[in-house]
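This report refers to the structure that appears directly beneath it.
The values are calculated or read from the model by the stated rules, or taken from the named source; none is laboratory data. Computed from a predicted model, the values in this text were never measured in an experiment. We place every Cβ from the backbone using ideal geometry, glycine too, and count neighbours over all the protein chains shown. The protein model used for the area step is the full one, side chains on, heavy atoms only, and it has no ligands, DNA or RNA in it. Shrake-Rupley method; radii C 1.70, N 1.55, O 1.52, S 1.80 Å.
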Amino acid sequence: MSLAGRSLSTLCDLSTDELKSILDLAARVKKSPKDYRKSLKQKTLAMIFQKPSLRTRVSFETGMTQMGGHAIYLAPTDISLGKRETTEDISLVLSRYADIIMARVFGHDIIEEMAKHATVPVINGLSDYAHPCQMLADLQTVQERRGAMKGLKFVYSGDGNNVAHSIMFGGALVGMHVVIVTPPGYEPKECALSKSREMASKTGGSIEVTNDLASAAGGADVLYTDVWASMGQEDDAERRKQFFMPYQVNMDVLKMAKSDCVVLHCLPAHYNEEITYDVTRSKNSAIFDQAENRMHAQKALMLKLAGAA
Ligand code: CP
Ligand code: NVA
């Protein structure tokens, strides 16, 4: 299944079969990385960052190196997106040098504008609206631990943010029952909800939003959380704590889930806020496999978009 030349702005850009083909390739790449060590020889990935990163930067850069290619890190101050130069011109110029562009940005409209003007694939490495590469790795991790993904109960507790939206889109595509649990007023965006419900209606999945963690956690196959204040919301972090504390994923919540429940966190974690340290080190936790899988999943994605697999 060819995805050559395509961009990934959100997982809504993919069909169920396309998503599964990326995950299948990710599993092969992880098992036999040497088979792909020349697959992106002489190819260049341009990486634009408006926000900090550990996993996204290192997993993309390492992944590219392992496949014979090269990645260039462009820090927030290097190109000053939208200030020194327009997004349109940056996209057109980078398309003349690089084979793929990956960008981590604030506004999701920046990713859409890049994808519109670039003549090479553009990958969303996180925007305020979506984090599709994260969910590719999350699904790979769930598949490794649980085998089939269809019908699993995937419970996310926390802010209805970019990660929550991507869980909704990805969960919908593979037919999961996704439950997003947030404090009142922090629910996911209505457009993400209606879009993911429309996608889920075709796969037998479902998307539920609730403010009641105790009832949602019962029977969970996956328990997921993310920071309460995302990058760009740091000034609001202290105020948010009072609303989010009842949504912490701790041992009491883990006990309500299935005994073989998979605990996930996109990281970075703020221990004893959204998750307790003991939960992340429990036998249920797969958070470091999940972080590792960012690299394998993104290698598969780049191979597909570059037309090399
Ligand atoms: N999960 C994730 O995207 O991590 P970074 O912010 O460190 O890239
Ligand atoms: N929601 C978080 C995810 C970090 C990987 C943020 O946007 O900061």
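Restrict the check to the stretch 151-172 and report whether at least one residue is open to solvent by less than 10 Å² (accessible area, probe 1.4 Å), in a loop (DSSP other than H, G, I, E, B) and of a type in the set (A, V, I, L, M). No, the stretch 151-172 contains no residue that is open to solvent by less than 10 Å² (accessible area, probe 1.4 Å), in a loop (DSSP other than H, G, I, E, B) and of a type in the set (A, V, I, L, M). Taking the stretch 222-244 as the range and being within 18 Å of the chain's Cα centre (by Cα), at negative phi and not in a strand (DSSP E or B) as the test, the residues that pass are Asp226, Val227, Trp228, Ala229, Ser230, Met231. Whenever a residue of the stretch 1-22 is closer than 20 Å to Gly175 by Cα, its partners that are of a type in the set (Ser, Thr, Tyr) and open to solvent by less than 60 Å² (accessible area, probe 1.4 Å), lying with C-beta atoms within less than 8 angstrom and at least six residues away or across chains, give the pairs Thr10/Tyr129; Thr10/Ser166; Leu11/Ser166; Asp13/Ser7; Thr16/Thr203.
Each row is one residue, and each column tells you yes or no for (1) free of Cβ contacts under 8 Å to residues at least 40 places away in the same chain; (2) touching a Pro at 6+ places or on another chain (Cβ under 9 Å); (3) more than 29 Å from Gly151 (Cα to Cα).
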site: Ala192; (1), (2), (3): no, no, no
site: Arg197; (1), (2), (3): yes, no, no
site: Ala200; (1), (2), (3): yes, no, no
site: Thr203; (1), (2), (3): no, no, no
site: Asn211; (1), (2), (3): yes, yes, no
site: Ala216; (1), (2), (3): no, no, no
site: Asp226; (1), (2), (3): no, no, no
site: Arg239; (1), (2), (3): yes, no, yes
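Tell me, which helices (runs of 4 or more DSSP H) lie completely within the stretch 245-309 with 2 or more residues that are among the polar types (S, T, N, Q)? Steps first, please.
Working: elements: 251-256, 277-280, 287-305.
Output list reads 287-305.
Would you mind finding the one in Thr44, Thr119, Thr86 that is surrounded by fewer than 16 Cβ atoms within 10 Å (Cβ to Cβ) and touching a helix residue (DSSP H, G or I) at 6+ places or on another chain (Cβ under 7 Å)? None of the others qualify; the one that does is Thr119. Out of Pro184, Pro188, one residue alone is in contact with a helix residue (DSSP H, G or I) (Cβ under 6 Å, 6 or more places away or on another chain) and assigned to a loop (DSSP other than H, G, I, E, B). It is Pro188. Scanning the stretch 17-41 for residues that are touching a Lys or Arg at 6+ places or on another chain (Cβ under 9 Å), in a helix (DSSP H, G or I) and crowded, with 16+ Cβ neighbours inside 10 Å turns up Glu18, Ser21, Ile22, Leu25, Ala26, Val29, Lys30, Tyr36.
Criterion first (of a type outside the set (Phe, Trp, Tyr), more than 19 Å from Ala229 (Cβ to Cβ), out of contact with any Pro (no Cβ under 7 Å at 6 or more places or on another chain) and within 16 Å of ligand 2 (Cβ to nearest atom)) does Pro188 satisfy it?
Taking the combined requirement at face value, the residue does not satisfy it.
Picking from residues in the stretch 65-92 that are part of a helix (DSSP H, G or I) and among the aliphatic types (A, V, I, L, M), the one that is farthest from Ser53 (Cα to Cα) is Leu92. Of all residues in the stretch 53-65, those that are within 8 Å of ligand 1 (Cβ to nearest atom) and at pLDDT 95 or above have Cβ atoms under 7 Å from Cβ atoms of residues that are of a type in the set (Gly, Ala, Ser) and open to solvent by less than 40 Å² (accessible area, probe 1.4 Å), 6 or more apart or on another chain, in Arg55/Ala291; Thr56/Gly125.
Examine the stretch 95-113 for a residue that is in contact (Cβ under 8 Å) with a residue 24 or more places away in the chain, more than 16 Å from ligand 2 (Cβ to nearest atom), over 17 Å from Leu8 (Cα atoms) and not in a loop (DSSP other than H, G, I, E, B), and state whether such a residue exists.
Step one: of the stretch 95-113, the residues in contact (Cβ under 8 Å) with a residue 24 or more places away in the chain are 95, 97-106, 108, 110-113.
Add one more test, that the residue is more than 16 Å from ligand 2 (Cβ to nearest atom), and what stays is 95, 97-101, 112-113.
The next check asks that each one be over 17 Å from Leu8 (Cα atoms); those that pass are 97.
Retained after the next criterion (residues that are not in a loop (DSSP other than H, G, I, E, B)): 97.
Yes: one or more hits.
Do we have any residue at all in the stretch 134-153 that's more than 14 Å from the chain's Cα centre (by Cα) and without any contact (Cβ under 8 Å) to a residue 24 or more places away in the chain? Working first, answer last.
Residues of the stretch 134-153 more than 14 Å from the chain's Cα centre (by Cα): 143-153.
Narrowing the set further to residues that are without any contact (Cβ under 8 Å) to a residue 24 or more places away in the chain leaves 147-148.
Yes, the stretch 134-153 contains at least one residue that is more than 14 Å from the chain's Cα centre (by Cα) and without any contact (Cβ under 8 Å) to a residue 24 or more places away in the chain.
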